[in-house]
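Reviewing the structure listed below.
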Amino acid sequence: MKIKSLILGFVLMFSMLFAKADPLAEVEPVASEWSYTGTPDYIVDVPAFQVPATGVIDYINTVIPLEFEQDRWVKAVQFIPGDKRVLHHLLSYVVSSDNDSSGMIDETINDPRREFLEGYAPGKETATEFPSGTGVFVPEGSALRMSVHYTSFGKETEDSTRVGLWFHDKPGALTEYHTYSVSTPMRDIAIPAGEMEYESAASYKFEQDITLYGFRAHMHYRGKAMSARVIYPDGSGENIINVPDYNFAWQPTYRLDNPLVIPAGSWVVVEGLFDNSQYNRGNPDYSVDALGGLQSWEEMFIGYFSYTD
């Protein structure tokens, strides 16, 4: 028995000496859930929502008054999901406090009564900081209109998402940061079943000079590729960006290293491909035509341009 105990002791000692370190033990806890500098200047609590275990959930639209006593310029924004498992995405817009929250927000329509602030999608863990010298203008008496998309995952849960806003202390001569969606109307999207490279395109003419800072591609599970280019008034062109292997789970806003000045009268063109075939492993159903719609198994085709005048 003594020999067995000695052997066991040696085995335990050597296993402790040569055991590999647990990589999880080396992970340092996050110092703060807010990734931008300090605590937000203002936190918006999105109304809590009880997400059912199963079923299709309509988009939740709500208007939340912003109790500001003066005009504000937002320089950074961050979303903290209450439950990442069910928050599919969220879009936020600056609107007047008397805005009607009834009805759905059509992302393909640029409504002058609302100004896009920022959005959340899975994988977006940090704050969005707008380029130096710019910001999203929020007049006194404004509200945030939220369009929230939840998806069930087999277990009932509650989501209580928060939005953190950081303001410019001294607005000075800031320039308004805008986002414009160039898209195919959802009613016009019809991708034949089995089609591997279905082409889609949309364009828009800017009537004023702009400085382009970023671009974001948005399609759903059948999205395959998207690119954007500009055609100048003299007929010459320039490529802006090419996303050759679009992934629905990775939808960042691509920032230009050098902002692009686009003169008035220029056209921006968005072109892309859909894969509605059996070879697309993410395809919800390759046996049916894919139509435009808000849900993920339907389709969208939007190129978001972020710019200043």
Kindly indicate the residue of region 117-154 that is in contact (Cβ under 8 Å) with a residue 60 or more places away in the chain and among the polar types (S, T, N, Q) and also farthest from Pro52 (Cα to Cα) among those meeting that condition.
Thr134
Boolean, Ala217 is touching a strand residue (DSSP E or B) at 6+ places or on another chain (Cβ under 6 Å) and surrounded by fewer than 21 Cβ atoms within 10 Å (Cβ to Cβ):
no
Residues that are under 30 Å from Ala53 (Cβ atoms) and either assigned to a loop (DSSP other than H, G, I, E, B) or not assigned by TED's automatic domain parsing to the domain that holds Arg114 (or both), drawn from region 155-177
Lys155, Glu156, Ser160, Thr161
Mind checking which strands (runs of 3 or more DSSP E) fall wholly inside region 1-91 and carry at least 2 residues that are more than 21 Å from Phe116 (Cβ to Cβ) and at pLDDT 90 or above?
49-51
Would region 163-170 turn up any residue that is modelled with pLDDT of 95 or more, under 16 Å from the mean Cα position of the chain (by Cα), under 25 Å from Leu66 (Cβ atoms) and of a type outside the set (A, V, I, L, M)?
yes
Consider only pairs whose beta carbons are under 7 Å apart and that are at least six residues apart or on different chains; among these, list those whose first residue lies in region 254-276 and is on the phi > 0 side of the Ramachandran plot and whose second residue is part of a loop (DSSP other than H, G, I, E, B).
Gly265/Pro233
For region 185-206, state whether one or more residues are of a type outside the set (Gly, Ala, Ser), buried (at least 18 other Cβ atoms within 10 Å of the Cβ), in a loop (DSSP other than H, G, I, E, B) and within 16 Å of the chain's Cα centre (by Cα).
no
Which number in (1) among the small types (Gly, Ala, Ser); (2) closer than 30 Å to Ile57 by Cβ; (3) in a loop (DSSP other than H, G, I, E, B) marks the one condition that Ala217 misses?
(3)
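The values are calculated or read from the model by the stated rules, or taken from the named source; none is laboratory data. What you are looking at is a predicted structure, and each value in this text was computed from that prediction instead of being measured. For neighbour counting, all protein chains shown are included, and Cβ atoms are generated from backbone atoms with ideal geometry for every residue, glycine included.
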